[in-house]
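What follows draws every value from the coordinates through simple rules; no lab data is involved. This one's a predicted model, so the numbers in the text were calculated from it and none came from an experiment. Glycine also receives a Cβ, built like all others from the backbone with ideal geometry; neighbour counts cover every protein chain displayed.
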Amino acid sequence: MNSPKEIKDKQDLLSKIQDGKVTVIVLDGLNGKAYEAQAPEHGRTIIETFKGEFSRINLESSHKFN
């Protein structure tokens, strides 16, 4: 499972760029935190909030047939 990880060093987000990967970054201004999760190769990434606060990232993965 691809769990979001809290980004502790918020100063250097450019270091989070990985060749060939898509990373979703959530900036939570209410709690002063940032989170990252790898996006699925094929699928959907949904960021959910509850009562105006970040609550979860839903990652829906699938396989693409050619």
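Please determine whether any residue of region 14-22 is assigned to a strand (DSSP E or B) and either of a type in the set (D, E) or surrounded by 10 or more Cβ atoms within 10 Å (Cβ to Cβ) (or both). Among the residues of region 14-22, not one is assigned to a strand (DSSP E or B) and either of a type in the set (D, E) or surrounded by 10 or more Cβ atoms within 10 Å (Cβ to Cβ) (or both), which makes the answer no. Taken together, E36, E53 contain a single residue that is touching a Pro at 6+ places or on another chain (Cβ under 8 Å), in contact (Cβ under 8 Å) with a residue 12 or more places away in the chain and at negative phi, which is E36. Screening D9 on (1) in contact with a Ser or Thr (Cβ under 9 Å, 6 or more places away or on another chain); (2) on the phi > 0 side of the Ramachandran plot shows it passes everything except condition (2). Within region 10-32, residues that are farther than 20 Å from S55 by Cβ have Cβ atoms under 7 Å from residues that are of a type in the set (D, E) in these pairs: K16/E36, counting only partners at least 6 apart in sequence or on another chain.
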